[in-house]
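Participant: This is the structure, below, for whatever I ask next.
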Amino acid sequence: MASRPPLFPQRRYRKEINRAHSPILANAMPWLSIMLASVVPQWLSIFSAPVLPPFGYLMLVAWRQVRPGVLPVWAGLPLGLFDDLYSGMPLGSGILLWSVTLIGMELLEARYPWRGVLVDWLAGSVMVTAYILFGCLILKHAEITVMPTPVLFQVLASALLFPLVGRFAAWCDRLRLVRFRSIQ
């Protein structure tokens, strides 16, 4: 006999007997999802130019907006280094841009603590656009040619996909908070 869904689904996160969060899952989920998202554009790489949005950066911004306290400000250093190793950008560009982003988001959160969906979408789109454009400037400084058409497509795709990445980060956050049976 199939069990019925709970009458109150919010009970899933309430304290129950013999149920507890997994501390490993709760702490590792944001880091692993951002690192996995940094690798995804290389799996789907069939183009000669970078057309896909920087999913790792999108996940970083989405996690920061969904759960502001789950990633420390210094998280830009190791996550940016990991992204630099897989994205092909000059080493240090991701570290700099991801760290500046987290510091800027910390200041934005302190200045405007109450936000809505459209404000988050606008802020995320502006940050992703700035990230892509500053990445192009870093590439030009390294004397690597950058074609403007793929960059424009990448900016548009990033802005349009940002709400979906935010929903995926919220789903990962719900998965992070699932309670498992514990023996004490």
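The values are calculated or read from the model by the stated rules, or taken from the named source; none is laboratory data. Quick caveat, the model's predicted, so the values are computed rather than measured. Here Cβ is always computed from backbone atoms with ideal geometry, including for glycine, and neighbour counts include all displayed protein chains.
Participant: Of 69, 80, 56, which residue is free of Cβ contacts under 8 Å to residues at least 12 places away in the same chain and either closer than 26 Å to residue 175 by Cβ or in contact with a Cys (Cβ under 6 Å, 6 or more places away or on another chain) (or both)?
Facilitator: Among 69, 80, 56, only 69 is free of Cβ contacts under 8 Å to residues at least 12 places away in the same chain and either closer than 26 Å to residue 175 by Cβ or in contact with a Cys (Cβ under 6 Å, 6 or more places away or on another chain) (or both).
One line per residue, one yes/no per condition, for (1) closer than 19 Å to residue 41 by Cβ; (2) among the polar types (S, T, N, Q); (3) in contact with a Phe, Trp or Tyr (Cβ under 6 Å, 6 or more places away or on another chain):
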{"position": "91", "(1), (2), (3)": "yes, no, no"}
{"position": "95", "(1), (2), (3)": "yes, no, no"}
{"position": "98", "(1), (2), (3)": "yes, no, no"}
{"position": "126", "(1), (2), (3)": "no, no, no"}
{"position": "130", "(1), (2), (3)": "yes, no, no"}
{"position": "143", "(1), (2), (3)": "no, no, no"}
{"position": "158", "(1), (2), (3)": "yes, yes, no"}
{"position": "164", "(1), (2), (3)": "yes, no, no"}
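Participant: Is it true that some residue in segment 132-146 is surrounded by 18 or more Cβ atoms within 10 Å (Cβ to Cβ), under 25 Å from residue 29 (Cα atoms) and of a type outside the set (S, T, N, Q)?
Facilitator: No, because not a single residue in segment 132-146 is surrounded by 18 or more Cβ atoms within 10 Å (Cβ to Cβ), under 25 Å from residue 29 (Cα atoms) and of a type outside the set (S, T, N, Q).
Participant: On the basis of being out of contact with any Leu (no Cβ under 9 Å at 6 or more places or on another chain), at pLDDT 90 or above and of a type in the set (Gly, Ala, Ser), does residue 56 make the cut?
Facilitator: For residue 56, the condition - out of contact with any Leu (no Cβ under 9 Å at 6 or more places or on another chain), at pLDDT 90 or above and of a type in the set (Gly, Ala, Ser) - is not met.
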